[in-house]
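Heads up: the structure comes next, in structure tokens.
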Amino acid sequence: MKGSFQSPNIQKMIMQIAMPGVNVRVISTNVGGSFGSKNTVPMEGLYCAALSKASGRPVKLVISKEAHLSTYMLRLGSRLTAKIGLLPDGTVHAYEGTWLVGSGVHSDFGQGQIANGLGRAMLLLNKCKNWNYQPHLVALNRCRSGGIRGFGGQESYASLVPILSMAMAKMDLDPVEFFKKNMCGIQGGYYWVEGHWWENHFLSYDDVMDRAAEHFGWKEKFPGWLKPYKTDGSKQYGAGCCVHGSADCGMLHGEAFVKLDGWGMANINVCIAESGMGQRSAAVKMAAEILNLPIEKVTISTPDSQDNPWDWGLAGSRGTLVYGRMVGEAARDARRQLMDAAAQMLHCPAEMLDTRDGIIFMKDNPEVSVPWVAVLGPMNTVTGHGVFEMDHSKP
């Protein structure tokens with residue numbers, strides 16, 4: 001299957017489950033605008049695959065803009081009924097709610113999106129000890145739902161924050177202090193999408209919120225709920241604030257390879273599509289910098305599920321961050337192998353060597369140098385391996 005998929009392996013995984021015994025291969029072309037909706041094309045893809053199998057012919061699906069708007073996936077619907085219990089100091093002590101999540105006729109990732117939304121509620125109300133928060137995925141007579149820029153988080157926050165605001169207003173609480181008091185801090189714990197318990201051992205956002213409030217002039221611009229801080233004739237000016245927390249910058253498992261040959265060339269083997277933000281060129285630039293190669297000497301593989309190692313794809317704004325780490329680790333691994341081989345030839349520690357433009361040289365005596373081809377030969381390569389492990393411990 002070939003198409004504008006931003007995450008070829010997700011598409012392959014869904015179709016492989018739906019079509020057991022069939023070897024599904026997915027190749028991504030230039031994606032264009034997506035915002036998450038092109039992570040998968042499951043139903044249409046299955047229709048095409050079934051028709052192709054029945055007819056023995058290739059099948060091409062082209063959706064007009066009008067058809068896309070009337071038949072393609074939408075954001076989840078959301079309706080929340082809830083009660084909240086606060087202690088006098090503003091700490092959320094109890095939360096009870098029913099969250100109805102509208103999926104349309106069906107949903108690609110409905111359960112995962114709900115899990116994401118619940119996890120974000122736990123980040124926001126991390127000090128709450130008493131929970132009874134019941135989500136229900138509801139089929140509706142409309143287009144199916146999918147991952148549309150936020151993957152369950154926006155739907156959850158858009159329903160939850162107004163209820164919190166009503167509670168804050170009743171108790172006349174300062175929103176900045178409320179969010180500082182309740183949001184996940186150091187040692188705070190939460191469940192995330194895959195159902196595992198994670199803890200924040202990295203940072204607190206209190207300083208960030210304090211600095212932002214100071215820069216904005218919060219204390220001067222928030223005299224209290226529904227009170228303007230300035231009046232100019234018939235116009236009144238007020239201020240509000242909110243925070244947004246997520247442990248899901250697409251932090252899911254992935255792999256990359258970087259192969260070096262004797263002619264001073266590097267090839268990145270990774271299943272990364274292009275959706276307009278320069279993800280592929282960013283990976284090339286990172287590898288070129290680590291290997292000290294001209295950018296034209298670094299190539300990158302076609303985003304093909306068959307020819308590349310597994311990776312989750314362009315989900316959760318993970319492109320540059322996650323692919324950069326994987327490709328960077330693979331490039332450093334390949335460079336290390338190259339330097340070790342050159343060190344044996346030059347009878348010196350690898351730490352004394354550096355490389356630039358396909359030439360390896362002594363750091364303190366650059367005239368002592370050898371080309372990569374003298375180290376690897378014309379018919380050999382070295383391949384570095386980079387892995388990104390799932391980590392949701394950084395909210």
| remark: By residue number, the members of region 180-197 that are out of contact with any Gly (no Cβ under 7 Å at 6 or more places or on another chain) and open to solvent by 20 Å² or more (accessible area, probe 1.4 Å) are Lys180, Ile186, Gln187, Glu194, Gly195, His196
| message | Return the residues of region 325-340 that are open to solvent by 60 Å² or more (accessible area, probe 1.4 Å) and touching a residue at least 40 places away in the same chain (Cβ under 8 Å); say none if nothing qualifies. | response | Arg325, Glu329, Arg332, Arg336, Gln337
| field | Count of region 48-78 residues which are surrounded by 10 or more Cβ atoms within 10 Å (Cβ to Cβ), part of a helix (DSSP H, G or I) and of a type in the set (S, T, N, Q) | value | 3
| task | Report the residue count in region 162-179 for those that are open to solvent by 20 Å² or more (accessible area, probe 1.4 Å) and either within 17 Å of Arg120 (Cβ to Cβ) or among the aliphatic types (A, V, I, L, M) (or both). | result | 7
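Okay, residues lined up against (1) at positive phi; (2) in contact with a strand residue (DSSP E or B) (Cβ under 7 Å, 6 or more places away or on another chain); (3) not polar (S, T, N, Q):
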residue: Tyr72; (1), (2), (3): no, no, yes
residue: Gly77; (1), (2), (3): no, yes, yes
residue: Leu80; (1), (2), (3): no, yes, yes
residue: Lys83; (1), (2), (3): no, yes, yes
residue: Pro88; (1), (2), (3): no, no, yes
residue: Ala94; (1), (2), (3): no, yes, yes
residue: Gly97; (1), (2), (3): no, yes, yes
residue: Ser103; (1), (2), (3): no, yes, no
residue: Gly110; (1), (2), (3): no, yes, yes
| note | Inside region 251-298, the number of residues satisfying the requirement of being under 21 Å from Lys12 (Cβ atoms), touching a helix residue (DSSP H, G or I) at 6+ places or on another chain (Cβ under 6 Å) and in a strand (DSSP E or B) is 4
| note | Every listed condition ((1) modelled with pLDDT of 85 or more; (2) open to solvent by less than 30 Å² (accessible area, probe 1.4 Å)) holds for Gly45 save (1)
| task | Check every one of the helices (runs of 4 or more DSSP H) wholly within region 86-192 and list those with 1 or more residues that are of a type in the set (Asp, Glu). | result | 153-171, 175-182
| Positions within region 323-369 being of a type in the set (Asp, Glu) and under 38 Å from the mean Cα position of the chain (by Cα), in sequence order | Glu329, Asp333, Asp340, Glu351, Asp354, Asp357
| note | Selection from region 1-21 of residues of a type outside the set (S, T, N, Q) and either open to solvent by less than 50 Å² (accessible area, probe 1.4 Å) or in a helix (DSSP H, G or I) (or both) yields Gly3, Phe5, Pro8, Ile10, Lys12, Met13, Ile14, Met15, Ile17, Ala18, Met19
| Hey, among the residues in region 299-319 that are over 10 Å from Ala256 (Cβ atoms) and charged (D, E, K, R), which one's modelled with the lowest pLDDT? | Arg318
| query | Given the structure, is Val24 open to solvent by less than 40 Å² (accessible area, probe 1.4 Å) and either among the small types (Gly, Ala, Ser) or closer than 21 Å to Gly254 by Cα (or both)? | reply | yes
| request: Could you check Ala343 against (1) part of a loop (DSSP other than H, G, I, E, B); (2) surrounded by fewer than 18 Cβ atoms within 10 Å (Cβ to Cβ); (3) among the small types (Gly, Ala, Ser) and say which number it fails? | output: (1)
| From the list Val375, Val322, Val370, Val382, which one is under 30 Å from Glu194 (Cα atoms), β-branched (Val, Ile, Thr) and either open to solvent by less than 30 Å² (accessible area, probe 1.4 Å) or at pLDDT 95 or above (or both)? | Val322
| task | Spot the failing condition for Ser37; the list is (1) open to solvent by 30 Å² or more (accessible area, probe 1.4 Å); (2) within 26 Å of Arg142 (Cα to Cα); (3) under 25 Å from the mean Cα position of the chain (by Cα); (4) among the hydroxyl-bearing types (Ser, Thr, Tyr), and only one is missed. | result | (1)
| task | Check off (1) in contact with a Ser or Thr (Cβ under 8 Å, 6 or more places away or on another chain); (2) open to solvent by 10 Å² or more (accessible area, probe 1.4 Å); (3) outside any helix (DSSP H, G or I) for Ser317 and give me the number that stays unchecked. | result | (1)
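The values are calculated or read from the model by the stated rules, or taken from the named source; none is laboratory data. Note that the structure is predicted; figures quoted are calculated from it, not measured. Don't worry about glycine lacking a Cβ; one is built from the backbone with ideal geometry, like all the others, and counts go over all protein chains shown. Only protein heavy atoms, including side chains, enter the accessible area calculation; ligands, DNA and RNA are left aside. Shrake-Rupley method; radii C 1.70, N 1.55, O 1.52, S 1.80 Å.
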